[in-house]
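Asker: Structure in structure tokens, see below.
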Amino acid sequence: MDLFYRPLEIFGEISSLNFPSLPVLTEPLPENIHILTMKKIFVEDDPFGVFIFLQLEHIFQADEHSQLSQPVTLNLSNIFSSLSVELARETTLAGNAWKDESERLVFEKDSNRIPQAVDGS
């Protein structure tokens, strides 16, 4: 079986990453967890002002693999050696809204009927 999302090796100047100190994983993430996004965000109206937007992704679907499809629990407070977690909230996949404040679209799945266009004249 081939596993996707192999580690990406990046070569270049570390200072270009623009972090106060380079965040280093304290230990490898589980095989089924992938860092999708890690981005520094500046918020002017907040007393702290700087946040790290971190999106983790479980890369296996249900029943895709006997072990790697199982749910994973991570302790966010000790993933990185140089960062501390002050707040953690789940976002939508796009990362532009809090998950608990968003509403999922509901589609009518009992029918394949296409509604007729309404003539505005």
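Quick note: the coordinates plus some simple rules give every number you see, no bench work behind them. Note that this is a predicted model, so its numbers are computed, not measured. A quick note on method: Cβ atoms are made from the backbone with ideal geometry, for glycine too, and the neighbour counts reach across all protein chains shown.
Asker: With the crude spin-label approximation of a point 7 Å out along Cα→Cβ, what separation in nm comes out for residue 91 versus residue 105?
Answerer: 2.0 nm
Asker: What shape does segment 81-121 have by the C-alpha gyration tensor, where a ≥ b ≥ c are the square roots of the eigenvalues, rounded means a/c under 1.5, and otherwise prolate means a/b greater than b/c and oblate the rest?
Answerer: prolate
Asker: For segment 19-66, what does the relative contact order come out to in percent, with C-alpha contacts under 8 Å and a separation of six or more?
Answerer: 35 percent
Asker: Going by average Cβ density within 10 Å per residue, which order do the peptides 39-45, 26-32 take, highest to lowest?
Answerer: Highest to lowest by the protection proxy: 26-32, 39-45.
Asker: From the Cα gyration tensor of segment 31-121, with a ≥ b ≥ c the square roots of its eigenvalues, which class applies: rounded if a/c is under 1.5, or else prolate if a/b is larger than b/c, or else oblate?
Answerer: Note, shape of segment 31-121 comes out oblate.
Asker: Here is a follow-up. Roughly how far apart, in whole Å, are the Cα centres of segment 85-104 and segment 30-57?
Answerer: 12 Å
Asker: Can you order the peptides 104-110, 88-94 by their average number of other Cβ atoms within 10 Å per residue, highest first?
Answerer: Highest mean packing first, the order is 88-94, 104-110.
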